[in-house]
Amino acid sequence: MRWTVVVQLRRMSMAPTQAIRRMQREQLSELLLSKDASKVAVIDVRGDDHVGGHIHTSQHVPSTTLDHKIPELVRTLAEKETVVFHCALSQERGPRAAQRYMQGRAKKMKSGDVGGSTGPPEIGIKDGGITKIPAVSDKMKQQEVFVLDKGFVGWQEKYSFCST
């Protein structure tokens, strides 16, 4: 009985606080083939099922390791304009990972602690006075986070010839 309560509380704490938009496989393909491909990050949160192939250029971050990887992801993906999460079907692990990432990112933005530095915020001189320089870049503020609709299974149905 006690175990059930703990599981229900954990599920409640994972409830979405923001709507997660879905991206169609065709949209992702166009982005990855465009001149702006370097502005896109694809995060594959599958576990052992990752062995069956993956989307070219995707980063494998198993959902089981996600909790301690979120700060690193927020830091390394800070200048990406688009981040797309997926799992096999993008029904549970992918959306949950996107939600955790957005929460971690929002927390970092609120604290002003983004980027590679762990030191104090930079200080500059403006109009004869000392002022803090914001640590959050404009690019960080404009990032869009998506979940790949139908996940890797949907991707592979159409693009199996280019999955490695």
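Data overview
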item: Over the range 13-111, relative contact order from alpha-carbon pairs under 8 Å, at least 6 apart, %; result: 31
item: Straight-distance crosslink candidates among aspartates and glutamates, where the alpha carbon sits under 20 Å from residue 108 and sequence neighbours closer than 8 are dropped; result: 67, 72, 79, 81, 122, 138, 144
item: Protein-only accessible surface order, largest first, of 89, 73, 31 at 1.4 Å; result: 89, 31, 73
item: Ordering of 50-62, 147-159 by packing [mean C-beta count within 10 Å, highest first]; result: 147-159, 50-62
item: Among the listed pairs 107/158; 80/158; 35/150; 35/110; 110/150, those beyond 29 Å (Cα-Cα); result: 107/158; 35/110; 110/150
item: Exposure ranking of 65, 82 by accessible area [1.4 Å probe, largest first]; result: 65, 82
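The values are calculated or read from the model by the stated rules, or taken from the named source; none is laboratory data. Just so it is clear, the structure is predicted and the values come from calculations on it, not from any experiment. Reconstructed Cβ throughout: ideal geometry from the backbone, glycine too, with neighbour counts over all protein chains shown. Accessible surface is based on the protein model in full, side chains and every heavy atom, while ligands, DNA and RNA are left aside. Shrake-Rupley method; radii C 1.70, N 1.55, O 1.52, S 1.80 Å.
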